[in-house]
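Taking it in order: structure first as structure tokens, then the write-up.
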Amino acid sequence: MRRYVRIFREFFRACFVEELEYRSEFLGNLISSFFGIGIAVLTVNIFFYQTDQLGGWTYADVLVLLGVFNTLRGMIDFALRPNMPRLLEHVRRGTLDYILTKPVDSMFYVSFRHLVFWRLIDVLLGIGVIGYGLIKKHYIPSLVDVIVFIVTIAASFVLIYSLWMLLMTTSFWVIRIDDLSFIFDSFFETARFPVGMYRGWVRIVLTYVLPAAVITNMPALSLLGKWNMATALIAALLALVFLWLARRFWRFALRFYTSASS
Amino acid sequence: MIRKYIALLRMKYVEMLAYRLATIVWMTGAIVQPLITMAVWMNIDPSQSDAFLFYFMAVIFVERMTSAWDVWELDREIREGTFSNYILRPLHPIHWAVAENIVYKVLFLVILAPVWAVAALFVPALRFDMTGGQTLLFLMALLLGAALRFLLSYICGLLGFWITKVTAVYGVLEVISLFLSGRIAPLSLLPPVLQQWSIFLPFRYMIGFPIDIITKAANSHDMLQGFAIASIWIVVFVIALRWIWKAGLKKNQAVGG
């Protein structure tokens, strides 16, 4: 375990150095991150110009939710998005060979080798919006709130990682060129708003089948002190089950890997 | 000129057929965001659900019919130097882009209009009745919208002669247009300040204006004003395009390749 922490730090350092080569882009990225969150807040303001609640959530609640959404998306763009599509390339070109011969767990390597460091700005901005929402609400989360929040947001992240990994691992059988991340984007986009806002079967699908809405709603509710220990535990358990499944599937898929001649 | 266009259209048609799958995937492209926005509005005012359903379906339709992708093409071509191939030919490069737009949008229309018709059979909220004159006005507004978006996109693309991040510039414009074109909300629901701005800026005439005609939200005065302002913007864009094109050619240094 300690070894993997060290390797992860090494990945982080390597990507950081790489990023420093393109220093002039940093300002542009910073501006676009600020612009993005500004637009998102403006959108919420436009909705609340006509109403004072959205699916039972007040303006401040929705801001907290937006902050959670931005934080989670920042984390995904930091660690997952740069890596997941690369796996397809590795399998198609046969460069997975190089990874398999390294004395490090292959799933760990393909998942975290490439980090887009500046995306952490989105995480910080998201936390900023969460803070702003909480101030608007005049609510100071207790220690338990924060712990439940951390558990649920981590569960959300692990769940997204596992599902994406499962999807990408199918590339051992189905050679694809497109990375299908637009499917993920579409569903994640639904997580921007309270799930109570959707109606009928859409709500049921988003709650139980594609828990896009739950992955952001639950951490936000935790911070607002409206958590429920049972659902938080179920979420954590579900995340672990899917992680285990993804792991098993990866192991299984590796047995079918036959490389590609160069 | 007509013969040239026939040749261009045929060429672009064959090109499109070569990328059938990509075209279909791409056509379904931007529907999730309008659908989510629709859910938000239905939640805010449930009594108007049918009107919102119609409005946002119309947004998806009009958005597809007026969509512009030339800035990404131009950005790539100028950066990689392949744009020189077009400059050398005896026909202005914009004609290739125009032909491509015609081919794709006719395809969208041929596919989307029957889909709408079938959907309207089952969903009463999607039905509408229009006189011949209104249909004509709607189509004119749609054409103006497509022209405006195309010109704006092409102008941004030509800025690639000077700067390397034109797609980022265009991205900012797209986001502004998200609000002012009526994609986030029907324009009548925006705060008054934004409504005022939207009348004078070109974005409204790219998406919101044709929809206002079809939903009869626009009276004859609004329409007259709308067509006038949209036409003025067309003229402004054409002049800007010509000027940037001339200045850009002087600036152009093709990348070898």
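The values are calculated or read from the model by the stated rules, or taken from the named source; none is laboratory data. The model shown is predicted, which means the values in this text are computed figures rather than measured ones. Neighbour counts are summed over all protein chains in view; Cβ atoms, including those assigned to glycine, are modelled from backbone coordinates with ideal geometry.
Run down A:Arg23, A:Arg13, A:Arg6, A:Arg113 and say which single residue is more than 23 Å from A:Leu224 (Cβ to Cβ), among the charged types (D, E, K, R), under 18 Å from the mean Cα position of the chain (by Cα) and away from chain B (no Cβ under 12 Å).
A:Arg113
In the stretch A:46-53, is there at least one residue being of a type in the set (A, V, I, L, M) and either under 14 Å from the mean Cα position of the chain (by Cα) or more than 10 Å from every other protein chain (Cβ to nearest Cβ) (or both)?
No; the residues of the stretch A:46-53 include none that is of a type in the set (A, V, I, L, M) and either under 14 Å from the mean Cα position of the chain (by Cα) or more than 10 Å from every other protein chain (Cβ to nearest Cβ) (or both).
I need every pair where a residue in the stretch B:23-39 that is within 8 Å of chain A (Cβ to nearest Cβ) and closer than 23 Å to B:Leu107 by Cα has its Cβ under 9 Å from the Cβ of a residue that is at pLDDT below 70 and surrounded by fewer than 19 Cβ atoms within 10 Å (Cβ to Cβ), sequence separation at least 6 or different chains.
Qualifying pairs under 9 Å: B:Val25/A:Asp178.
Do we have any residue at all in the stretch A:143-166 that's within 14 Å of chain B (Cβ to nearest Cβ), among the small types (Gly, Ala, Ser) and surrounded by fewer than 18 Cβ atoms within 10 Å (Cβ to Cβ)?
No, because not a single residue in the stretch A:143-166 is within 14 Å of chain B (Cβ to nearest Cβ), among the small types (Gly, Ala, Ser) and surrounded by fewer than 18 Cβ atoms within 10 Å (Cβ to Cβ).
Please list, ordered by residue number, the helices (runs of 4 or more DSSP H) wholly in the stretch A:61-120 having 3 or more residues that are within 20 Å of A:Ile153 (Cβ to Cβ) and in contact (Cβ under 8 Å) with a residue 40 or more places away in the chain.
Correct list: empty, since no element meets the threshold.
Quick one: which residue in A:Leu96, A:Leu124 is within 17 Å of A:Ala40 (Cα to Cα) and either touching a helix residue (DSSP H, G or I) at 6+ places or on another chain (Cβ under 6 Å) or at pLDDT 90 or above (or both)?
Of A:Leu96, A:Leu124, the one residue that is within 17 Å of A:Ala40 (Cα to Cα) and either touching a helix residue (DSSP H, G or I) at 6+ places or on another chain (Cβ under 6 Å) or at pLDDT 90 or above (or both) is A:Leu124.
Hey, can you tell me all the residues within the stretch B:173-218 that are more than 11 Å from chain A (Cβ to nearest Cβ) and assigned to a loop (DSSP other than H, G, I, E, B)?
Residues satisfying the conditions are B:Ser181, B:Gly182, B:Leu201, B:Pro202, B:Ile207, B:Thr215, B:Lys216, B:Ala217, B:Ala218.
Can you name every residue in the stretch B:176-188 that is buried (at least 16 other Cβ atoms within 10 Å of the Cβ) and without any contact (Cβ under 8 Å) to a residue 40 or more places away in the chain?
Once the filter is applied, which keeps residues that are buried (at least 16 other Cβ atoms within 10 Å of the Cβ) and without any contact (Cβ under 8 Å) to a residue 40 or more places away in the chain, the stretch B:176-188 yields B:Ser177, B:Leu178, B:Phe179, B:Leu180, B:Ser181, B:Leu187.
Which of (1) surrounded by 13 or more Cβ atoms within 10 Å (Cβ to Cβ); (2) away from chain B (no Cβ under 14 Å); (3) in contact with a Ser or Thr (Cβ under 9 Å, 6 or more places away or on another chain) is the odd one out, the single condition A:Ser106 does not satisfy?
The failed condition is (3).
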